[in-house]
1. Restricting to the stretch 117-175, count the residues that are small (Gly, Ala, Ser), closer than 30 Å to residue 264 by Cα and assigned to a helix (DSSP H, G or I).
2. If you go through the stretch 217-238, how many residues are out of contact with any Phe, Trp or Tyr (no Cβ under 9 Å at 6 or more places or on another chain) and surrounded by 18 or more Cβ atoms within 10 Å (Cβ to Cβ)?
3. Is it fair to say residue 269 is in contact with an Asp or Glu (Cβ under 8 Å, 6 or more places away or on another chain), away from ligand 1 (no atom under 16 Å from the Cβ), farther than 30 Å from residue 134 by Cβ and basic (Lys, Arg)?
4. Filter the stretch 244-277 for residues that are of a type in the set (A, V, I, L, M, F, W, C) and under 16 Å from residue 190 (Cβ atoms); which is surrounded by the most Cβ atoms within 10 Å (Cβ to Cβ)?
5. Select from the stretch 1-55 the residues that are more than 30 Å from residue 160 (Cα to Cα) and in contact with a Phe, Trp or Tyr (Cβ under 7 Å, 6 or more places away or on another chain) and write down the one among them that is surrounded by the most Cβ atoms within 10 Å (Cβ to Cβ).
6. Does residue 61 satisfy being within 20 Å of residue 224 (Cα to Cα), more than 16 Å from ligand 2 (Cβ to nearest atom) and at pLDDT below 95?
7. Can you confirm whether residue 272 is modelled with pLDDT of 95 or more, away from ligand 2 (no atom under 16 Å from the Cβ), acidic (Asp, Glu) and within 22 Å of the chain's Cα centre (by Cα)?
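The values are calculated or read from the model by the stated rules, or taken from the named source; none is laboratory data. The structure presented is a predicted model; accordingly, all values stated were derived computationally and were not measured. Cβ atoms come from the backbone with ideal geometry, glycine included; neighbour counts cover every protein chain shown.
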Amino acid sequence: MISCSKCKREAVLRLDYANLDLCGRCFTHLFEKKVARAQREFKLFERGDVVAVGISGGKDSAALLYVLFKLGKKVGFELRPILVDEGIAGYRDESTKYAEQLCEKLGLQLTTVSYQELAGHSMDSIMKIRDDKNLGFRSCGVCGVLRKDSLNKAARMVGASKLAVGHNADDVAQTVLMNFLRGDAEGFERFGVVSGTSAQEKFVQRVKPLVYNLEKECALYCVVNDLPFHLAECPYSAEAFRGQVKDFLNDVEKRHPGSKFNVLQSFLKIKEKLPKPVENHQAGTCTVCGEHSSAAICRRCVMLESLV
Ligand SMILES: [Zn+2]
Ligand SMILES: [Zn+2]
């Protein structure tokens, strides 16, 4: 028997980067401590906040909802889980069941919105039109734009002051590296643990409480805490570039444990030194849909017009 490095009970998992073998209880404690650290360092939530939580039925958002369920009791904020139905036959229907189960377990009411109702098209129909018309966009690119828009609208609908999303440390490290590899310096300015300011009227501030938790740890947290989650991958998820960066980071992490955190920490240090974005209350509204946008017509509306 391998014993827990903290309490000497039987260990159920090993974290190489920290050189720790842990039992379920000590691992849960460590996972939640990292979320508390994000809360402290980035001032994610305040007492009285109404927090919309984007959930999908997958492991990251299941871990997110549960950890915020516990944190909310301490800090004093309310949770409103929301789910975006992209309209992907055979995939979304299945994962929705897991999201519903989790909400039921926690006694939370789930609000569902869909691309169909908010953008006039399901993801399946958009992909069909793209192929018929030979349009150049990538599935994950389009879906990312529509998901952000839908989550923001749903968060507003449920009266949220914050929107929490399940991006973990792996996601953040991947995005940072992708920005480097693309030479996208502006990407660094836009991207962060907290996006937007509370002064923007139509944009609900978006926060990433799992920034210090690895993808693997989110899955372990779900298993150890008996949270229902769906394992299937989206049938359109073939964003080649992110996949390559992900494989590369996983390979480096295996040989040099702690590398993902180093990418993350470097990014946070650089970010700290960048000038803060100027708060601009009026500018930045899409002339078509009226939503928050840095361009005259937002990416969502440009994409939707190309389908007509
Ligand atoms: Zn222990
Ligand atoms: Zn627009």
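1. The number of residues fulfilling the criteria is 8.
2. Counting residues in the stretch 217-238 that are out of contact with any Phe, Trp or Tyr (no Cβ under 9 Å at 6 or more places or on another chain) and surrounded by 18 or more Cβ atoms within 10 Å (Cβ to Cβ) gives 0.
3. When the stated conditions are applied, residue 269 does not pass them.
4. Looking at the filtered set, the residue picked out is 267.
5. Selected residue: 13.
6. So residue 61 fails the test.
7. Judged against the criteria, residue 272 is not a match.
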